[in-house]
Amino acid sequence: MQGKVVLVTGANGGLGTYVTRAFLGAGATVIGTSRKIQHSEFDHANFKAVPGELSTADGAKAVIDQALAFGGNIDVLAHTVGGFAGGKSVADTDDATFQTMLDVNLNSTFYLLRAALPCMRKTGNGRVIAIGSRAALEPGANVGAYSASKAAMGSLIKTVALENQDAGLTANVILPGTMDTAANRKAMPQADFSQWVHPSTVASLMLWLARDAGKDVNAAVIPVYGGA
């Protein structure tokens, strides 16, 4: 990955931290963004922190503009940003919760892609790799807003894959099951953590898709369900 510029969204999150470290370890220049992020969180010569808000069009464009100013181009977009809300049926879900899921999981993806794709097409071999959720394909009770937003995000990524084949760009979605993060352990302390997906597994898959080995994988929806 030397010579490649990778933009990691949610770079200091439960998954994003592993993704950022994986790409830095492979020799890439990594631009990490989240609402609150600092260079000192990774302290690497090839890392640049870009705080930003992706759920608005202006915010996403500002992040892309800063990334281009630092890296010159974007070869890989590793999109790990996402949010979860659940616990109520569709009939009982309030407007604010539904809109929040759309903002965090779908709108942020749309605004980011719209801003990034023009420059990524110019590289000739761009990679878009997004994190969805098992719930996008297998929705459960009381997580309707979350499942719908992730399903729509997956459809958007597959559309991007089809629209940009002519530029050598690929776009794929990884669908993890429950991930073994500190936040999930805190939320579900009685669960069997050994059955969960470790973030390093997903980070390794994202790195593989970004490399030459993954160039023939496009418009794929890849399940990573762990031991469940």
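Starting from residues that are surrounded by 21 or more Cβ atoms within 10 Å (Cβ to Cβ) and small (Gly, Ala, Ser), keep the ones in region 100-127 and report whichever is farthest from LEU169 (Cα to Cα). Among those residues, the one meeting the criterion is SER108. When GLY177, GLY226 are screened for being farther than 20 Å from ALA78 by Cα, modelled with pLDDT under 95 and in contact with a strand residue (DSSP E or B) (Cβ under 8 Å, 6 or more places away or on another chain), only GLY226 passes. Would you confirm whether or not region 61-70 contains a residue that is more than 25 Å from VAL104 (Cβ to Cβ), open to solvent by 20 Å² or more (accessible area, probe 1.4 Å) and charged (D, E, K, R)? Scanning region 61-70, I find no residue that is more than 25 Å from VAL104 (Cβ to Cβ), open to solvent by 20 Å² or more (accessible area, probe 1.4 Å) and charged (D, E, K, R), so the answer is no.
Restricting to region 82-99, and then to whatever is open to solvent by less than 70 Å² (accessible area, probe 1.4 Å) and modelled with pLDDT under 95, can you tell me which residue is nearest to ARG127 (Cα to Cα)?
Just the residues of region 82-99 that are open to solvent by less than 70 Å² (accessible area, probe 1.4 Å), to begin with: 82-83, 85-87, 89, 93-94, 96-97.
Restricting the remaining residues to those that are modelled with pLDDT under 95 gives 82-83, 85-87.
Details: GLY82: 19, GLY83: 23, ALA85: 29, GLY86: 31, GLY87: 35 Å.
Only one residue fits best here, namely GLY82.
In region 23-42, is there at least one residue being closer than 24 Å to LYS122 by Cα, part of a helix (DSSP H, G or I), open to solvent by less than 60 Å² (accessible area, probe 1.4 Å) and not basic (Lys, Arg)? Yes, because at least one residue in region 23-42 is closer than 24 Å to LYS122 by Cα, part of a helix (DSSP H, G or I), open to solvent by less than 60 Å² (accessible area, probe 1.4 Å) and not basic (Lys, Arg).
Looking only at residues in region 71-81 that are within 8 Å of the chain's Cα centre (by Cα) and in a loop (DSSP other than H, G, I, E, B), the one that is surrounded by the most Cβ atoms within 10 Å (Cβ to Cβ) is THR80. Scanning region 176-228 for residues that are part of a loop (DSSP other than H, G, I, E, B), in contact with a helix residue (DSSP H, G or I) (Cβ under 6 Å, 6 or more places away or on another chain) and open to solvent by 80 Å² or more (accessible area, probe 1.4 Å) yields one hit, ALA228. Being surrounded by 19 or more Cβ atoms within 10 Å (Cβ to Cβ), within 19 Å of THR9 (Cβ to Cβ) and without any contact (Cβ under 8 Å) to a residue 60 or more places away in the chain: is that true of VAL160 here? It is true that VAL160 is surrounded by 19 or more Cβ atoms within 10 Å (Cβ to Cβ), within 19 Å of THR9 (Cβ to Cβ) and without any contact (Cβ under 8 Å) to a residue 60 or more places away in the chain. For THR109, the test of being assigned to a helix (DSSP H, G or I), farther than 27 Å from GLY214 by Cα and not basic (Lys, Arg) is failed. Before we move on, is ALA115 under 24 Å from ALA148 (Cα atoms) and touching a Lys or Arg at 6+ places or on another chain (Cβ under 8 Å)? For ALA115, the condition - under 24 Å from ALA148 (Cα atoms) and touching a Lys or Arg at 6+ places or on another chain (Cβ under 8 Å) - is met.
Of all positions in region 6-15, none carries a residue that is within 27 Å of ASP212 (Cβ to Cβ), surrounded by fewer than 24 Cβ atoms within 10 Å (Cβ to Cβ) and modelled with pLDDT of 95 or more.
Within region 84-106, if we keep just the residues that are in a helix (DSSP H, G or I) and within 22 Å of GLY177 (Cβ to Cβ), the residue that is farthest from the chain's Cα centre (by Cα) turns out to be MET101.
The values are calculated or read from the model by the stated rules, or taken from the named source; none is laboratory data. The structure displayed is predicted, hence computed values, not measured ones. Glycine also receives a Cβ, built like all others from the backbone with ideal geometry; neighbour counts cover every protein chain displayed. What goes into the accessible areas is simple: the full protein's heavy atoms, side chains included, and nothing from ligands, DNA or RNA. Shrake-Rupley method; radii C 1.70, N 1.55, O 1.52, S 1.80 Å.
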